[in-house]
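Novice: I'd like to ask you about the structure that follows.
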Amino acid sequence: MRNALGLMLASVVTAVVIAVVWFFTASPRAQLAAPNTVSAPLSEQLAAAAPARPLPARDDVEVTSAIPAKSSTASQPSAPMPPKTACANPDALGVSRVVEIDTTGGPGFGFEHFKQLDFLTDKEVVLTFDDGPWPVNTPAVLKALEDECTRAVFFPIGKHATYHPEILRQVAAAGHTVGAHTWSHANLNSKKMTEQLAKDEIEKGFSAVRLALGAAPTPFFRFPELQHGPAAMAYLGSRNVAIFSCDLDSFDFRAKDAAQIVNTVMTKLDKQGKGIILMHDFQKHTAEAMPALLRRLKAGGYKVVQMRAKAPLRTLPEYDEALVKDIKVPTASTRPVGSVVQTVSE
Ligand SMILES: [Zn+2]
C-alpha cells in the first residue's frame, strides 16, 4: 500500500516536471516560427510594440542561397525600403511572396533563354517592365500597380533615366525593384558590338540609374531585344549581375490596343501556368492595359512574386563620374524647387 502511494506520488511529480520543462522549452518556438527573416526598421518595430494597431502581414522572404556579401556595399546605400502601408483595396492582387536573389556569378532567369532556375510554382507570375522611365505611361503603370498593392521589376534605359529621373525615383519609392537595360538600348549581340562598347552600355546604364535614384541599383539586367551577346553575358557574370530573359513575351510594343495585350498575356499564361512576364512601361497601350490585366490575373487565381536582390550593385566610379560630366549636371539634386528658385518680385 505504501509502495503504491509512493508510486502515485512519483508519477504526479514526474508529470509536473515534464509540464514545466515543456513550458520553458516549447513556448519560445512559437515566436521563432513567425516569418521574420529581415529586421524591421525602427518605425515598424515601434508600430509592432503598440498593441492597438493591427500588424500588417509580413512578406515571406526566401533566399536563394546564403552567401554573405556585405563588404562591398558600404559606400553605396541601396534605395531605402519604403515603409509598408496597409493596402486600401481589400480585393487587391497584392504580392504573394518576395524572393531574394543571390546574384553571385550572374544567374539567368526566364525560360526563353535560361532553364536552370525554375523557382516559380504553378500560378505564380513576376511582372517586369522595360524601356522607361517615361512621362504619362510609367506613372500610369505605377498607379495601376499601386491600386492592386502589387510590385514589379523595372528595367529602365539609362538615357531615359537621365531625362526623367523624378519618374524613376517614383518607381523606387513605390517599392518596386529597379535594375537596368543598357545606356542607349543598343543591341549587344550585333556584329558591330565590341566587348568594350558592350561594357560601356552596361555600366553607363547602371550608373545612370544610380544617378537618377541617388542610390545603388539592383544588379538585375535585361538585354535589349533579348539579344544575349556571349561576351556581355560573361562580363555580367563577373559583375555578379543577374540576367533576365522572360517566360512570356506580351509583345505589347506591337499591340494595336490594350485589349490585345491583355488577351495575349492571359492566353499564354493560361497555357503555361506561370512565368516572368515581359512588358514595357514605355508603351501607351501597356499603361492602358494594366488595370484590366491585373484584374484578370486576380480573377484567374494568379499570384504575384516580387524579386529583389540580396545586395545592391556597386557601380564603377569612372562611369559615374563620366556620366555626370557628360550630362553636365553637378549631381542629382534632392532639393525641392522652392529651395532653389524663389520669386523675389512679380
Ligand atoms: Zn527594351
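Taken together, the values in this text are just the output of simple stated rules run on the coordinates, not laboratory data. Note that the coordinates shown come from a computational prediction; the quantities given were computed from them, not determined experimentally. Here the Cβ positions follow ideal geometry from the backbone for every residue, glycine too, while neighbour counts run over all protein chains shown.
Novice: What list of ³J(HN,Hα) values in whole Hz, one per residue of segment 150-160 in order, does the Karplus curve 6.51 cos²θ - 1.76 cosθ + 1.60 (θ = phi - 60°) give from phi, with Gly and Pro shown as x?
Specialist: 10, 10, 9, 10, 10, 10, x, 7, x, 4, 4
Novice: For a quick check: sort D130, D249, D91 by the number of other beta carbons within 10 angstrom, fewest at the front.
Specialist: Least crowded to most crowded, the residues run D91, D249, D130.
Novice: Can you give the alpha-carbon Rg of segment 189-346 over 2.2 N^0.38 Å, where N counts its residues?
Specialist: 1.32
Novice: Quick one: which residues, 5 or more positions from V178 or on another chain, have an amide H under 5 Å from its amide H? H modelled 1.01 Å from N in the peptide plane, none for Pro or chain starts.
Specialist: Long-range HN contacts for V178: F154, T218.
Novice: For segment 168-249, what is the relative contact order in percent, using Cα pairs closer than 8 Å and at least 6 residues apart in sequence?
Specialist: Once normalised by length, the contact order is 35 percent.
Novice: I would also like to ask the following. Sort L316, L93, L120 so the one with the fewest other Cβ atoms within 10 Å of its own Cβ comes first.
Specialist: L316, L120, L93
Novice: So who's got an amide H within less than 5 Å of the one on I101, skipping anything under 5 residues away but keeping other chains? H placed 1.01 Å off N, in plane.
Specialist: HN-HN under 5 Å from I101: R308, A309, K310.
Novice: Once amide H atoms are placed 1.01 Å from N in the peptide plane, what residues at a sequence separation of 5 or more from G275, or on another chain, have their amide H within under 5 Å of its amide H?
Specialist: Long-range HN contacts for G275: E124, V125, V126.
Novice: Can you put I277, I327 in order of Cβ neighbours within 10 angstrom, beginning with the fewest?
Specialist: I327, I277
Novice: Could I ask something else about it? Multiplying the sequence separation of N187 and D122 by 0.36 nm and subtracting their Cα-Cα distance, what value in nm do you get?
Specialist: Taking 0.36 nm per residue and subtracting the Cα distance, the gain is 20.1 nm.
Novice: Would you kindly derive the ³J(HN,Hα) couplings of segment 161-178 from the backbone phi angles with the Karplus curve 6.51 cos²θ - 1.76 cosθ + 1.60 (θ = phi - 60°), listing them in order in whole Hz, with x for Gly and Pro?
Specialist: These are the phi-based 3J(HN,Hα) values: 5, 6, 6, 10, x, 5, 6, 5, 5, 5, 4, 5, 5, 7, x, 7, 8, 10 Hz.
Novice: Rounded to whole Hz and in sequence order, give me ³J(HN,Hα) for segment 271-280 from the Karplus expression 6.51 cos²θ - 1.76 cosθ + 1.60, θ = phi - 60°, writing x for Gly and Pro.
Specialist: Values, residue by residue: 7, 8, x, 5, x, 7, 9, 9, 9, 9 Hz.
Novice: Let me ask something else. What order do you get for 295-303, 181-189 when each peptide is scored by the mean count of other beta carbon atoms within 10 Å, highest first?
Specialist: 181-189, 295-303
Novice: Something else: For a test of the definition: using alpha carbon positions, the gyration tensor, and the 1.5 limit on a/c, classify segment 147-220 as rounded, prolate or oblate.
Specialist: It comes out prolate by the Cα gyration axes.
Novice: Continuing with the same structure: According to the square roots a ≥ b ≥ c of the eigenvalues of the Cα gyration tensor, what is the shape class of segment 97-194, taking rounded for a/c under 1.5, prolate for a/b larger than b/c otherwise, and oblate for the remainder?
Specialist: oblate
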